[in-house]
Structures are given as structure tokens and as C-alpha cells.
Amino acid sequence: MGHEIASPPAPLPVGRGEIERLTCLGDSRPHCHSERSEESLRGDEVTGMRERKEKHVSTNLGEVLHCEPLVSTWGTSVGTTDDMTDGTATTQERAMVQPIVSMREIDKRFGPVRANDKVSLTLYPGEIHAVLGENGAGKTTLMNILSGMYQPDGGTIELDGKPITIGSPSEALAHGIGTVYQHFTLVPNLSVIENVVLGTKTGFVLNLSKGEQRLKEVLTEFELNTDPNVEVRHLSIGQRQRVEIIKVLMRGTRVLLLDEPTSVLTPTEVEGLFRILRRLREEGVSVVIITHKLEEALDVSDRVTILRGGKNVGELGPDDIASAGRAGARQRIVETMFGGMPAAAETFQQHVATGKTLLELSGVSAIGDRGEIAIRELSIQLRAGEIYGIAGVDGNGQKELGEIIAGQRKTTTGRLALDGTDYTNAGVATLSRAGVGYITDDRLGEGVVPGMSVAQNAALKTINRSPFSKGFWLDRKAIEANANTLIEQFSVRTPSAQTKITLLSGGNIQKLMLARELAMDPRVIVCNKPTYGLDLKTAQFVLQTLRQEADSGKAVLLISSELDEILEISDRIGVIYNGEIVETFERAQVDIETVGRLMLSGRAAVAGSAA
Amino acid sequence: MTINGIDLFDFLTAILATGLLRAVPLVLASLGDVFAQKAGLLNLGIEGMMLAGCFFGFYAAYHTESVPLGLLAGMAAGLALALLFAVLTVHLRVDQVLVGLAITIFAAGLTGYLFRDLFGGQNVSASVRPMTIRIPLLADIPIIGKALFDRQLLFYIAWLLVPIFAFVLNRTRFGLNVRAVGENPFAADAAGVNVIQVRYLAMSLAGIMAGFAGAFLAVADLKIFTIGMTVGQGFIALAITMIGGWSPWKIAFAAILFGMLNALGDSLQIIGVNVRTEFIGMFPYIGIMIAMIVLARRTSVPAALAVPYARGQR
Ligand SMILES: Nc1ncnc2c1ncn2[C@@H]1O[C@H](COP(=O)(O)OP(=O)(O)OP(=O)(O)O)[C@@H](O)[C@H]1O
Ligand SMILES: [Mg+2]
């Protein structure tokens, strides 16, 4: 590797101290204050500080907040509980750059599936390490093993050079390994502070007010201006993610695992997240980040590990990345990820459609889940043969718009017509029969039925029609045959059609949903974030499929917060802001900057002219 | 002032006193059930646990002539069934509805059999003397004095448990764990909470309280056992837990309301209002149904209620 890890920098006045103090908020385990012999000089000071803290916490916050950081590195500040071996990286060892975590030859099988097949991962102190790979490559499985959620079938895990076993998530946390899972793990109807304190072990009676002020400081530190007593369900996705990160950092995390943290964030939020990650890196925290967006991985990470089919297929260190250059590195990663050169990204033929209007919304308004006006007098005309892209920052009415067309949400004003016929508030079943296909962004919530098999899910919407249904009876053979066709056509990776749908990786669930909707041969296809969580190749496949559908005379409404993919395949683009389409462009006339400004402010005015 | 020869004040006192007494077993069972439900356990065995509490409590009290021993035996019986429930649903992940009903049916059969076997089916009463406490001055207040401040010790204890349970649920680590586990067990597990352990504890508490409720009924209140004597009070407690929105305070309120309606029905008969007794007896149940229907839309049931949890299963 030969990668020099700079020794952890001097304590930052705010950041690291902040988190250090936090560590002790919900958790008074001794390791919060553990220190090394080399720092024994500071020992008394530390002990003294602890006493001070405990005495004056609620009365003299200023003192606590402005005290010196307790210990100078994460490695030393965060050990493990008493009976567990403390991370004893001495100065000497540190100079040799001992990995903080090394996973060796990890095996994990799920029935016939080898999700991890002798996978190794080496993580150094103070680095951001990206784990990349196509859908179902085994990334989440590997992280879940490190976080104690899964038990490996084989292989070893070392922490600071000492072999450890991680029997449960709470053991992982005690070792300083904190995880933000692919599907969030906050309890929605508990408050922020309750979520943060959950799982820590201090006394029987909760003393929330004691930590509240300090938590508030940290929330501000992480650019989160929420009241710690507000219930988590009132926060936006981006805010929740920050709470997740704060939650694990406060447990004394020095290895932070993030499973696809950016899929749900807006570009601004992604930037904010990366700022946080870089700062944590400076403070000596090691970060593992899983993402499908290569540009992001290259932006933020020092090292890249690539998995394919449950096996290690490549690793790029900082030197490799530097010598290959960004484009070169990207090329190499893509090749390794998919096992060979992928077909050159297709350039799509975009054109101005002249077909007849298949879907028309005129002056439609609707109320959102929280009683707010989500859609305001919105009008769209969608022609046969075109893809109409809805660009916008998440939460500007995109979800509601999709739901209106799918018949899941009632409109308060306006009209919805399909091919000239009025279908206003006609309901899901009617609209589906009339030829509307809807691909939701909430895969597990409303896209599929989690308890059912792949085959049942594939037949879900047409189960009461021939050939699946013969009078009162269901034809199992026909259901299975249908599933197998779809699996084949869309190359869905599943052990069999009888496998429970939730056991598939996210990308494969998405492919199945797409296959199911398209199999019904809709005239109008509405999709919300169809490439969410998909690997490059699958995402490309989905976009290509949508383009083909449009070219064969269907009308496609593509709702997405990824401007890139909208630009890639749409013929027309509408920018949605605050429930309104504020501007429409022909693809050829798009000015990306204007679109960006419209997305953020709803206005195209140049920022400078306002000054 | 009198109605049909009964003094109005006495009449009101009687309603209040009976109502509060009727509410005691309900509130006891409900308080425990809050923890079960908040931890994600739908305990349809509650009726059986209560009935077992009645029988074993009565059996112990009959032989020892001691109220505390009777209560302990009742709680132990409830706890034993609760542990059975927990092993089957939490560990083996058998369907909770199935297990709950099975336990209720089993307890009905078992107590009926044992009662016939041990007491020959004869209605005997236990000669126990529950301790009563008359609080000076307060007990002299008209109407409420006798109903509230001249009662047996257990009556006070039951109502004192309301704030205690509210505190444990909302202000302690255990309570927080319970609330998290019933809402999102995966999140709780990820945060380091031992989901299985919390569910076991919550279920044990629910069982103990159901047993307590039963024992109160058979030992402290009626001092007799009859086959199937709970007559659905366990299920009513379960409904009250939901109607009360899983808040001990509101549950106490709902239980009192139910008890009062019950007592009112009885009293109307006593003063000779000319309505069929069956009709009056229906009152409280209609009340429960209306409350359930009205509140069903507003309450948010714990998201993981009746859903088993196993780490690493998706
Ligand atoms: N709990 C489980 N039970 C059965 N199979 C599983 C389980 N978890 C994962 N798998 C299977 O293991 C393989 C690897 O899944 P994993 O979730 O690790 O992929 P991934 O790389 O994270 O994919 P994605 O990018 O789509 O999230 C997949 O084939 C998946 O179906
Ligand atoms: Mg994954």
C-alpha cells in the first residue's frame, strides 16, 4: 500500500472536542475518559474535568463547552468497555500505519447465495474508504457483518490488530464501530434526544434535560437547527441522516460505516455530508462509504474497494488514484465493477414529440400528507412518444404529482384526462386499467408486498385476471411462468421465483417493479426516481428501457432529483418548485444553470442582478 | 333528598365507590399491557393470565388465609403464562394472536378443571381480611370521602401505580427501550438495545399485572372463585389500553369511566328504574365500542405490534 497516513492532527478546537464531550452525553462508560500512558500526564486533568462535568453539568454549561478537548485522538479517546481489549495502537505501531479494521476472507451465505465469498477489507485510521460494486455485490452484507447485524460464516475481523468477534450491534458500538444503515434506523415517534440516548447505558432514570443543551450545541455544529425534543418523524430525510450520524458519533465511534448515504440526499445535502466526513477524517475517524455514484466516491474517498459477485475484485489506494488521474481511475473502477468494459454509454435520440396528447393535467391542486398544499394549479400535457422530465429538489411536490396521476391521491381542483377522457379522481384500479403505469419511489413501502414471493409480486396488479386467475382459483403455474419471463427479460438476480422479495438487493427489486409495470403495457408511464439505489449499469438499463417505451409511442413522465438523468433522456423538461411547474424547456434549449436556479429558488433571475 | 327511599348522597357515593372498585382490576391489567403492547406484543392471553391469577390467587389465599400470599400466587401464575407466551412468540416467533388465544383457552380449561378437582366445584369463600385504611378528615368529605378515602390498602396501591407506570414508561431507560422496540425493533437493535430481553421483560410485567388484577378480583374483592369469573375483563383491559392511547393516565381515566358505567347500571336496578337488567348491563360495552370506533382513527398503534423480530432477517 505504502500509503502514509498523516498522524492524527492536533485537536480541533471545536469539532473534535464537541464530539468528545458528546460521547459522554448518554454514555458514561469509562472509555469516554480512558487515556494512554503516553498521556498519563493529562490523566489528572481529565479526571478532574470529569468530576467537574458531573457536578456542574446542568448549571455551568459554558464551562463544559469551553473546556479543552479531553484527549487528542479518536484512537485514544474511544476505546472499548473495560473487559474488552482496548485499542492499544502505540505511537510506534501507529507509525507503521496499522489498519484500524481488517476483515479477512469473510464468508457469508444466504441459502444458495454466497453474498460474501472470502471478502477482505482493510481500513486505515483517518481515511474515507469507498466500497463499490453493482447491485447485489455484497456491500451491505459486508457492512452488516462489521456492524454486528450478521454473523459471518467464516473469516476473521481484527480491530487495531487484535482479533475480535462482533456478536451484536451493541458490541460493535462498544468497539467504536457505528453504522448508518441503508434503511434508516431512527424511531420516528421518539424525539431526537431520545433517539440519541437510546441504547446507551446510564442508570435507570433518564436525565434528558442534562444532555439537552449539549446536544443542541452539537446539532448546531452539524448545521441542524432543530429542537432536540422534536419527534424525528417531523424531520426531513437529510436532517434525519445527520441525526443518525450524530447518534453514532456520540457513542464514541471511530469507525463510521455509511451504507448509501447519498441516495436520499439533495446535491446540497450531499455537499454538507461530505464536509462533515472530511472533518471527521481530520479528527481521525475512519469512514466506510457505500455509494453507486462514482463521481462522489472519487470526490470524497482516499481508497476504493470493489466487490463483484460477493468477491473482492479490486482495490485502489490513494497512489493508484493519483497516478491514474480522475478519468483513468473512474475507467478502471467501472471496468472492475462490471467485469469488463461496459458498452459506451448510449446517447439517446431526443426529439420534439408530435404525437397526440395522452395525459393532460389542467389546473390540478392537491393537499400533502401534512395538510399543506403540495400541488398548486399544475398543468402538464404529455404527448405520445415523449419523455417529459420533472426536475426539482426533493419535496417540492414530486411525490404527490406521481400519486395524483396514479390515482393514489385525490385532487382538490383541476382535471386529469387520459387521451381526452376525464379520469379526475378515478382511483388506482381504474387508472391502471385505463393504461397508467406507476413506478413508485417507495419500493418497499408501496412498490412490493414485502412478505410475498417474487412471483406473487410480479403478478400482483393483475392477479385477478386471466391467465393468473381462473374463476375462483389462482393458477400457480401461470404466475410462476410469468415471473420467470420477467426475471429473464430484465435479468433480475434472484435464486428463484419463489424467493421472498425482500431478500433481493434493492436494484433487483426495482427491476422487478419496472418489469411488472411495463408488462401491463401502459400507455402512460409515470416513474418517480426510477434509478434510486441502482448501480450504473442497471440505472442505464432502466433509462434505456424508458426511452424505448417512449420511442414505441408511449408517454413517459420521469420525475427525478437527478438532473443528469433527466437531461440524458428527456425531450422536454419542466422544473417543479413548491408544487408548481415554474418553467418548461425543450431539451435543446435547456440552460443548465437556469434550471439549477429554478430548482433552488423557483426564479430564473441571475443572482448577481439582485445585488 | 331521596330517590325511592334511598338517600341521594348515599346513592352517589355507592356509584362512585363501586365504579372505582370495578376499575381496579382493569387498570392493573391495562398498566401491564401498556408495556407489552408498546414493546410490540399483542397479548390476547391477557384474559387467561387474569383468570389464572384469580384461581391460583384464590387457592393460595384460601389455604393460607393471607392476602399477600394470595396476590403473590396470582402474580406468579400470570408470570408463568407470560413467560410461556414470550418463549413461543419472541423466541420461536409463533404468531402472537394464535399463542394468545391458546393461552386464554388453556387457562380457562385448566382453572375450571382444577376448581372442580380441588374444590369439588363448590363455591367456598376464602376467609381473608384485606387491610383497610381510613384516611382521617378526608374520609369525612361528603359523597367522595367514603368512596375514595375509606378503602382497602390495595385500592390505594392500584391507583398509586398509575403515576409510577407513567414515570417508568416515559422517564426511564427501560421505558424508552420498550417504546423503541415496539415501534422499530431494527432501529432499537442497531442502537444496542437487546430487543429480545426487552420484550421478555415487558411481557413478564404484563403477566404479573394481569395475575395481580385477577388475584385482586378473587382474593381482595370478591373472596370467591367461580369458573370463568373474569368474564372478558382481560379483553376489556386490552381494549382500554388502546383507548387510553398507551398512556397510563388516560388508561386510568378510561378504566374509571368503564367502572362507573358499570356501577351506574347496577345502581339503576337497585333504585328500581324500570329497564331490563340485560339492557343496562350492555351500557359499558357499548361505551367501549363507541370509544374504540371514535379513537381508532386517531391512535397510532405501535408500528411493530404483533410483528416478530429476528436480527438479520429482511
Ligand atoms: N438477509 C438475507 N437473506 C437472504 N439473502 C440475502 C440477505 N441479505 C442479502 N442477501 C443476498 O445477498 C446478496 C448481496 O446482497 P447485498 O444487500 O449485500 O448487496 P449490495 O451490494 O448491498 O446491493 P445494493 O447495491 O443493491 O444494495 C444479494 O443477492 C441478496 O439477495
Ligand atoms: Mg446494499
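First check a/c for segment B:183-304, with a ≥ b ≥ c the square roots of the eigenvalues of its C-alpha gyration tensor; if it is under 1.5, answer rounded, and if not, answer prolate when a/b is larger than b/c or oblate otherwise. All intermediate terms of the calculation are to be shown ahead of the outcome.
On the way: a/c = 3.44, a/b = 1.72, b/c = 1.99.
Oblate, because a/c is 1.5 or more while a/b does not exceed b/c.
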statement: Within 10 Å of the Cβ of an average residue in B:303-312, the count of other chain Cβ atoms is 2
- request: Pull up all non-local amide H partners of A:GLU583: gap of 5 or more, or a different chain, and H-to-H distance under 5 Å with H placed in the peptide plane.
  value: A:VAL575
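Which of the peptides A:226-233, A:288-295 is most tightly packed, and how do the rest follow, judged by the mean count of other Cβ atoms within 10 Å per residue? The partial results should precede the final answer.
On the way: A:226-233: 16.1, A:288-295: 21.4.
Final packing ranking: A:288-295, A:226-233.
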- request: Answer rounded, prolate or oblate for segment B:99-247, using the Cα gyration tensor with square roots of eigenvalues a ≥ b ≥ c: rounded when a/c is under 1.5, else prolate when a/b is larger than b/c, else oblate.
  value: oblate
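How much net charge surrounds A:VAL582 when only the other residues with a Cβ under 13 Å from the Cβ of A:VAL582 are counted, with Lys and Arg +1 and Asp and Glu -1? Kindly include the intermediate steps, with their values, before the conclusion.
Numbers: positive: A:ARG376, A:ARG597, A:ARG603; negative: A:GLU377, A:GLU580, A:GLU583.
Cβ neighbours under 13 Å give a net charge of 0.
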- prompt: Can you pull the three principal axis extents for the Cα set of segment A:447-520, in Å, largest first?
  reply: 35, 23, 20
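Net charge near A:ARG332, counting Lys/Arg +1 and Asp/Glu -1 over other residues with Cβ under 14 Å of its Cβ? Numbers along the way, then the final one.
On the way: positive: A:ARG303, A:ARG308, A:ARG326, A:ARG330; negative: A:GLU315, A:ASP319, A:ASP320, A:GLU335.
Charge balance near A:ARG332 sits at 0.
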Solvent-free Debye scattering, log10 I(q)/I(0), computed from the Cα coordinates of chain B at q = 0.11, 0.13 Å⁻¹: -0.69, -0.95
- prompt: In terms of modelled amide H atoms, which long-range or inter-chain residues lie less than 5 Å from the amide H of B:GLN152?
  reply: B:ILE133
field: Ordering of B:22-28, B:209-215 by packing [mean C-beta count within 10 Å, highest first]
entry: B:209-215, B:22-28
query: Gain in length, A:LEU444 to A:ALA327, computed as 0.36 nm per residue apart minus the alpha-carbon separation, to one decimal in nm?
result: 38.6 nm
Simple spin-label estimate for B:LEU264 and A:LYS410 in nanometres, 7 Å along Cα-Cβ: 3.5 nm
- line: Going through A:LYS108/A:LYS139; A:LYS139/A:LYS500; A:LYS216/A:LYS399; A:LYS216/A:LYS293 one by one, the pairs whose alpha carbons sit over 22 Å apart turn out to be A:LYS216/A:LYS399; A:LYS216/A:LYS293
Note, ³J(HN,Hα) from phi for segment A:294-306, Karplus 6.51, -1.76, 1.60, rounded to Hz, x at Gly and Pro: 4, 4, 4, 4, 5, 4, 10, 9, 8, 8, 10, 10, 10
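Starting from the Cα-Cα distance between A:ALA429 and A:ARG275, subtract it from 0.36 nm times their residue separation and give me the gain in nm to one decimal.
Numbers: separation 154, 0.36 × 154 = 55.44 nm, distance 4.60 nm.
Going from the current span to full extension adds 50.8 nm.
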message: Give the separation of the Cα centroids, segment A:559-579 to segment A:479-531, in Å.
response: 24 Å
- request: Compute the Cα gyration tensor for segment A:174-243, then decide on rounded, prolate or oblate, letting a ≥ b ≥ c be the square roots of its eigenvalues: rounded whenever a/c is under 1.5, prolate when a/b is larger than b/c in the other cases, and oblate in all that remain.
  value: rounded
message: If a paramagnetic tag sat 7 Å from the Cα of A:LYS201 along the Cα-Cβ line, which residues of segment A:140-184 would have the backbone N under 14 Å from that point?
response: A:167-176
- request: Return the long-range amide H neighbours of A:TYR438 (sequence gap of 5 or more, or a different chain), with a cut-off of under 5 Å between placed amide H atoms.
  value: A:VAL526
- line: By the mean-Cβ-within-10 Å protection proxy, highest first, A:374-380, A:303-309 rank as A:303-309, A:374-380
- prompt: Given the C-alpha centroids of segment A:175-212 and segment A:96-114, what is the distance between them in whole angstrom?
  reply: 28 Å
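Residues of A:289-297, mean number of Cβ from any other protein chain within 10 Å of their own Cβ, rounded to a whole number? All intermediate terms of the calculation are to be shown ahead of the outcome.
Working: counts 0, 0, 0, 0, 0, 0, 0, 0, 0.
Averaged over the peptide's residues, the number is 0.
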field: Angle between chain B longest axis and helix B:248-270 axis [Cα atoms, degrees, rounded to 10]
entry: 30 degrees
statement: What the 10 Å binned alpha carbon P(r) of the protein assembly as shown shows, as percent of pairs per bin from 0, is 2, 10, 17, 19, 19, 15, 10, 5, 2, 0, 0
Between segment A:271-340 and segment A:217-261, the Cα center-to-center distance that results, in Å: 24 Å
field: Per-residue mean of C-beta atoms belonging to partner chains within 10 Å, peptide A:200-208
entry: 4
- request: Please determine, in degrees from 0 to 90 and to the nearest 10, the orientation of helix B:96-119 with respect to the longest principal axis defined by the Cα atoms of chain B, where the helix direction is its Cα long axis.
  value: 50 degrees
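Each reported figure results from applying straightforward, stated rules to the coordinates on display, with no laboratory input. Only a predicted model underlies this, so the values are computations on that prediction, with no experimental measurement involved. All Cβ positions, glycine included, derive from the backbone under ideal geometry; neighbour counts span all protein chains shown.
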